[in-house]
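Throughout, read-outs are computed from the coordinates displayed, never taken from laboratory work. This structure is a prediction, so every number in the text was calculated from the model and none was measured. In this analysis, Cβ positions are derived from the backbone assuming ideal geometry, glycine residues included, and neighbour counts consider all displayed protein chains.
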Amino acid sequence: MTRLESFHHYNDGRGKRRVYVNGNEIDRVVWCDTSMGIAVFSPYPLRLNRKRDEVYTRRLRGVVTVERVD
């Protein structure tokens with residue numbers, strides 16, 4: 001698997017997908033990389049990081065799997 005195939009972004013045009021980290025489904029994933037085992041998501045409720053003027057995100061590490069939703 002190449003680097004581009006393992007990287008998934010919410011707006012990459014490859015359709016809707018479900019992301020799992022260590023078998024747990026994660027909602028609101030911004031991006032993930034299955035080969036590196038990293039998923040970045042926005043917890044609910046959304047919060048603003050005022051120092052950087054961006055939405056607060058969290059990073060999870062583990063076994064990341066992506067499942068396509070048809």
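Tabulated data for the structure shown
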{"item": "Student exercise, the stretch 3-68 dipole from Lys, Arg, Asp, Glu Cβ charges, in Debye to nearest 20", "result": "200"}
{"item": "The stretch 41-70 residues near the modelled residue 14 label - backbone nitrogen below 19 Å, point 7 Å along Cα→Cβ", "result": "41-42, 60-70"}
{"item": "Net lengthening on full extension, residue 4/residue 59 (0.36 nm per residue, minus Cα-Cα)", "result": "17.8 nm"}
{"item": "Taking the stretch 3-68 and dividing mean pair separation by its residue count, relative contact order in percent (alpha carbons under 8 Å, at least six apart)", "result": "36"}
{"item": "Cα-based Rg of the chain normalised by 2.2 N^0.38 Å, two decimals", "result": "1.13"}
{"item": "Sparse-neighbourhood loop sites, trypsin sites (Lys or Arg not before Pro) in the stretch 2-41 - DSSP loop, at most 10 other Cβ within 10 angstrom", "result": "16"}
